[in-house]
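Step one of this worksheet: look at the structure below.
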Amino acid sequence: MEAKQYHGTGKRKTSIARVYLRPGMGNIIINKRDLDDYFPRETQRVALKRPLELTGMEGKFEIKINVRGGGIVGQADAIRHGITKALLQYNQAFRPVLKRAGLITRDSRIKERKKYGQRGARARFQFSKR
C-alpha cells in the first residue's frame with residue numbers, strides 16, 4: 001500500500017511553490033537539491049519550517065518541493081504558504097494555530113504596474129514650467 005501524499009500550492013509575488021508531504025524522516029528537497037544547499041541563509045530555512053514547528057510535525061514528513069519564479073525570499077515565503085496548505089489538508093485541527101500565526105493568508109502584495117505618461121508606477125516625469 002502506498003503512503004498517503006498531501007499537496008499544497010503556495011504563492012508569493014511571482015513565486016509559485018508546489019509542496020508534497022509524505023510521511024517519513026523529515027528530509028526537505030527543493031528542486032532536487034537539499035534545503036541547506038538551496039537556502040544558504042538560516043533566516044529563510046527557519047521561516048519555511050515555521051508551520052511545521054507550530055504544529056509539532058517537524059521531522060515527521062518527507063517534503064518534496066518544486067518552486068519557480070521570483071527571488072530567494074519570495075520563494076521561501078511561497079514554500080511556507082504551500083507547507084501550511086498541505087498541513088491543513090493533512091489535519092484541519094491545525095487551522096486555529098496556523099491562522100493565529102498568520103500563515104494561512106496569502107500575501108497578495110505584488111509590484112504595481114507602470115502607468116503611461118509617468119516614469120514608473122507612481123513616479124512622475126520632472127515638471128518644468130518653461
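Could you please tell me which pairs satisfy a Cβ distance under 9 Å, a separation of 6+ or placement on different chains, a first residue in the range 89-113 that is under 14 Å from LYS11 (Cβ atoms) and touching a residue at least 24 places away in the same chain (Cβ under 8 Å), and a second residue that is surrounded by 10 or more Cβ atoms within 10 Å (Cβ to Cβ) and of a type in the set (Asp, Glu)?
If the second residue must be surrounded by 10 or more Cβ atoms within 10 Å (Cβ to Cβ) and of a type in the set (Asp, Glu), the pairs left are ASP107/ASP77.
Sort out which residues of the range 13-45 are closer than 19 Å to PHE94 by Cα and hydrophobic (A, V, I, L, M, F, W, C), and write them in order of number.
Result: VAL19, LEU21.
Confirm whether PRO23 is closer than 17 Å to GLN5 by Cβ and out of contact with any Pro (no Cβ under 9 Å at 6 or more places or on another chain).
Yes, satisfied.
Taking the range 95-122 as the search range and keeping residues that are aliphatic (A, V, I, L, M) and not in a loop (DSSP other than H, G, I, E, B), which one is nearest to the chain's Cα centre (by Cα)?
LEU98
Where residues in the range 65-76 are free of Cβ contacts under 8 Å to residues at least 60 places away in the same chain and buried (at least 20 other Cβ atoms within 10 Å of the Cβ), which of them is farthest from ARG18 (Cα to Cα)?
Once the filter is applied, the top-ranked residue is ALA76.
Restrict the check to the range 77-94 and report whether at least one residue is surrounded by 13 or more Cβ atoms within 10 Å (Cβ to Cβ), outside any helix (DSSP H, G or I) and modelled with pLDDT under 95.
No, every residue in the range 77-94 fails to be surrounded by 13 or more Cβ atoms within 10 Å (Cβ to Cβ), outside any helix (DSSP H, G or I) and modelled with pLDDT under 95.
The values are calculated or read from the model by the stated rules, or taken from the named source; none is laboratory data. Note that this is a predicted model, so its numbers are computed, not measured. Positions of Cβ are generated from backbone atoms using ideal geometry, with glycine treated the same way; all protein chains shown enter the neighbour counts.
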